[in-house]
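Notes for the one structure printed next.
The values are calculated or read from the model by the stated rules, or taken from the named source; none is laboratory data. Computed from a prediction, not measured in an experiment: that's the story for all the values here. Glycine also receives a Cβ, built like all others from the backbone with ideal geometry; neighbour counts cover every protein chain displayed.
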Number of protein chains: 2
Amino acid sequence: MVSKNQSQYIRSLHQKKFRQQHSVFLVEGAKSVQEVLAAKWPVEMLVMTNDFYKENTSLVDNQRGLVEIVTPADLDRIGTLESNNAALAVVTMRPNRPFRAEPGELVLVLDDIRDPGNLGTIIRIADWYGVSKIICSETTAEVYNPKVISASKGSFTRTNWFYTDLDLFFDEIAQKAIVYGAFLNGENVHTINFKNEMIPTVSSYLVMGNEANGIGPNVEKFITQRLTIPRFGPAESLNVGIATAVILDNWRRVFSEELSVKN
Amino acid sequence: MVSKNQSQYIRSLHQKKFRQQHSVFLVEGAKSVQEVLAAKWPVEMLVMTNDFYKENTSLVDNQRGLVEIVTPADLDRIGTLESNNAALAVVTMRPNRPFRAEPGELVLVLDDIRDPGNLGTIIRIADWYGVSKIICSETTAEVYNPKVISASKGSFTRTNWFYTDLDLFFDEIAQKAIVYGAFLNGENVHTINFKNEMIPTVSSYLVMGNEANGIGPNVEKFITQRLTIPRFGPAESLNVGIATAVILDNWRRVFSEELSVKN
């Protein structure tokens, strides 16, 4: 059971202000809570139905002291999901770490991605394509927003993110980096030879821009290679999450081809 | 101004039952209403703010008799969007037409796509990649759902859809078609040579399956070529809209390559 105080505390965490004040955030739904437990993220409180507890005893058991058993209706009342018959966790935020890219690594950069659903989807896509670092402009949605966490389907546990002023960030690294950017008038991602563009000793950055306005002028000036997804029909644009997936898919394809030529 | 009766009528159209009863549906937001007007779809009522009217006079003017001018607060009250400061249209459904694929055409098939946001996104993606026909299982979300219309960003005006029993449908065409299906254990979409698979006189079908369960066994038995998007990181899956985009992007890439070899 959840006390009135606990319930008020959890509901306060729907808001960014209180998440920041307490340095915790909410993880909701069976799959996401399972991923948090499997990744051994520090958890402050675990609220779950008896069914979820029974099905996940081995995952939950060494956190038994933190568990409260509730009904699905209780979960709906304290959480942000329309319907949750499984679990909710109050999870400790990660400490900020300094960003450092490895030579040859591709890093994703988000310039003013406002929609939490898009940000969560992009984190999931990055995780599929083996991109583990994401740099976010300070105007990008907050990763700890429950909608981001939910859309990322657990991939937030395997992704590192860094919020920074992109102008300052690129100003510092500009001489030592390849910076790809998605535009409507760049080079075709089907035919660009990413491997000619990449230098093994230098890290690369792929910048994706705001849903309505694309990449802002402050960041655009650092782009060294403009990329475009070719269009075959009359639609005006693709959603930014879709565009991120298509570009990463083409990037990975080119490197797999090189790998199979070498073998 | 919108009368109490008009307002009740529009609000009833949030529900499928009343959309079907009246054979109309709602289109909301500046971009979508502009697309409906530009495509000259038959409209029953146009509710808009004075600002939207002034900015779109040429599009709206030959429908002037159908226009009601309201405040953004009125739009929020009668529509389904959280915030709409532009317009809402009550639009007539299209009559059902028989499905017919052209030789060499690729047709998208949706087996039990339940989420309206996913369906709308898939319609937008199909429109980007020049796929204009979508066959939906009877359990797939309703295209006229306001969330589908909204997520399609106007692409529903350029797409034809057909709801049918997929088992019966494929049973009829099975001997004369190539049927691709997205699975976790199929051929790599980066290396499959779609152009060897395609026969110019035969139409092809790409089947995308349910968000949780994939393609059902009744449809799976008709698949002639299993496809897989290669994975480079630990994420377990991609959203079905993302997967549709990545497969269509690879399919179009292979055909563009052939085109440029020929030229």
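From the list A:Thr164, A:Thr157, A:Thr140, exactly one residue is in contact with a Phe, Trp or Tyr (Cβ under 8 Å, 6 or more places away or on another chain), polar (S, T, N, Q) and closer than 23 Å to A:Gly79 by Cα. Which is it? Full working, then the answer.
Numbers: A:Thr164 fails: closer than 23 Å to A:Gly79 by Cα; A:Thr140 fails: closer than 23 Å to A:Gly79 by Cα.
Just a single option satisfies the conditions, and that option is A:Thr157.
B:Gly241 - would you say it is among the small types (Gly, Ala, Ser), away from chain A (no Cβ under 13 Å) and either in contact with a Cys (Cβ under 7 Å, 6 or more places away or on another chain) or crowded, with 17+ Cβ neighbours inside 10 Å (or both)? Give the derivation first.
Details: among the small types (Gly, Ala, Ser): yes; away from chain A (no Cβ under 13 Å): no; either in contact with a Cys (Cβ under 7 Å, 6 or more places away or on another chain) or crowded, with 17+ Cβ neighbours inside 10 Å (or both): yes.
In short, no.
Please specify each residue of the stretch B:156-170 satisfying the condition of being more than 20 Å from B:Gly181 (Cα to Cα) and free of Cβ contacts under 8 Å to residues at least 60 places away in the same chain.
B:Phe156, B:Thr159, listed by residue number.
Here's the yes/no breakdown for (1) touching a Lys or Arg at 6+ places or on another chain (Cβ under 6 Å); (2) over 17 Å from A:Gly29 (Cβ atoms); (3) part of a loop (DSSP other than H, G, I, E, B); (4) β-branched (Val, Ile, Thr):
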position	(1), (2), (3), (4)
A:Met45	no, no, no, no
A:Tyr53	no, no, no, no
A:Asn62	no, yes, no, no
A:Asp76	no, no, no, no
A:Thr80	no, no, yes, yes
A:Ser83	no, no, yes, no
A:Pro95	no, yes, yes, no
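Please go through (1) out of contact with any Asp or Glu (no Cβ under 8 Å at 6 or more places or on another chain); (2) in a loop (DSSP other than H, G, I, E, B) for A:Gly117 and return the number of the only condition it doesn't satisfy.
So A:Gly117 meets the others, but not (2).
In the set B:Val33, B:Val60, which member is of a type outside the set (S, T, N, Q), surrounded by 15 or more Cβ atoms within 10 Å (Cβ to Cβ) and either touching a residue at least 40 places away in the same chain (Cβ under 8 Å) or closer than 30 Å to B:Phe183 by Cα (or both)?
So the residue among B:Val33, B:Val60 that is of a type outside the set (S, T, N, Q), surrounded by 15 or more Cβ atoms within 10 Å (Cβ to Cβ) and either touching a residue at least 40 places away in the same chain (Cβ under 8 Å) or closer than 30 Å to B:Phe183 by Cα (or both) is B:Val33.
Filter the stretch A:209-237 for residues that are within 14 Å of chain B (Cβ to nearest Cβ) and crowded, with 16+ Cβ neighbours inside 10 Å and give the result.
Residues satisfying the conditions are A:Leu227, A:Thr228, A:Ile229, A:Arg231, A:Phe232, A:Gly233, A:Ala235, A:Ser237.
Return only the number of the condition from (1) at pLDDT below 95; (2) under 22 Å from B:Phe232 (Cβ atoms); (3) of a type outside the set (Ser, Thr, Tyr) that A:Asn213 does not satisfy.
(2)
Regarding the stretch A:98-112, can at least one residue be identified that is within 14 Å of another protein chain (Cβ to nearest Cβ), out of contact with any Lys or Arg (no Cβ under 8 Å at 6 or more places or on another chain), outside any helix (DSSP H, G or I) and at negative phi?
Checking the stretch A:98-112: at least one residue is within 14 Å of another protein chain (Cβ to nearest Cβ), out of contact with any Lys or Arg (no Cβ under 8 Å at 6 or more places or on another chain), outside any helix (DSSP H, G or I) and at negative phi.
Specify the residue that is farthest from B:Gln63 (Cα to Cα); the eligible residues are those in the stretch B:76-93 that are in contact (Cβ under 8 Å) with a residue 12 or more places away in the chain and exposed (fewer than 15 other Cβ atoms within 10 Å of the Cβ).
B:Arg77
Of all the residues that make up the stretch A:121-133, how many are crowded, with 22+ Cβ neighbours inside 10 Å and either in a strand (DSSP E or B) or touching a helix residue (DSSP H, G or I) at 6+ places or on another chain (Cβ under 6 Å) (or both)?
7
A:Ala141 versus (1) within 14 Å of another protein chain (Cβ to nearest Cβ); (2) touching an Asp or Glu at 6+ places or on another chain (Cβ under 9 Å): which is the lone unmet condition?
Against the list (1) within 14 Å of another protein chain (Cβ to nearest Cβ); (2) touching an Asp or Glu at 6+ places or on another chain (Cβ under 9 Å), A:Ala141 comes up short only on (1).
Look at A:Ile199 and say whether it is more than 12 Å from chain B (Cβ to nearest Cβ), more than 20 Å from the chain's Cα centre (by Cα) and assigned to a loop (DSSP other than H, G, I, E, B).
Criteria met by A:Ile199.
Just one of (1) surrounded by fewer than 23 Cβ atoms within 10 Å (Cβ to Cβ); (2) within 14 Å of chain A (Cβ to nearest Cβ) trips up B:Gly154, so point out which.
Unmet for B:Gly154, out of (1) surrounded by fewer than 23 Cβ atoms within 10 Å (Cβ to Cβ); (2) within 14 Å of chain A (Cβ to nearest Cβ): (1).
Restricted to the stretch A:134-150, and to residues that are within 9 Å of the chain's Cα centre (by Cα) and without any contact (Cβ under 8 Å) to a residue 40 or more places away in the chain, which residue is surrounded by the fewest Cβ atoms within 10 Å (Cβ to Cβ)?
Ranking the candidates gives A:Val143 first.
For (1) at pLDDT 95 or above; (2) in contact with a strand residue (DSSP E or B) (Cβ under 9 Å, 6 or more places away or on another chain); (3) within 14 Å of another protein chain (Cβ to nearest Cβ), each residue gets a yes or a no:
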| position | (1), (2), (3) |
| --- | --- |
| B:Ser203 | no, yes, no |
| B:Asn250 | yes, yes, yes |
| B:Ser256 | no, yes, yes |
| B:Asn263 | no, no, yes |
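Does the stretch A:134-171 hold any residues that are in a loop (DSSP other than H, G, I, E, B), among the charged types (D, E, K, R) and under 14 Å from A:Glu28 (Cα atoms), and which are they?
Across the stretch A:134-171, the qualifying residue is only A:Lys153.
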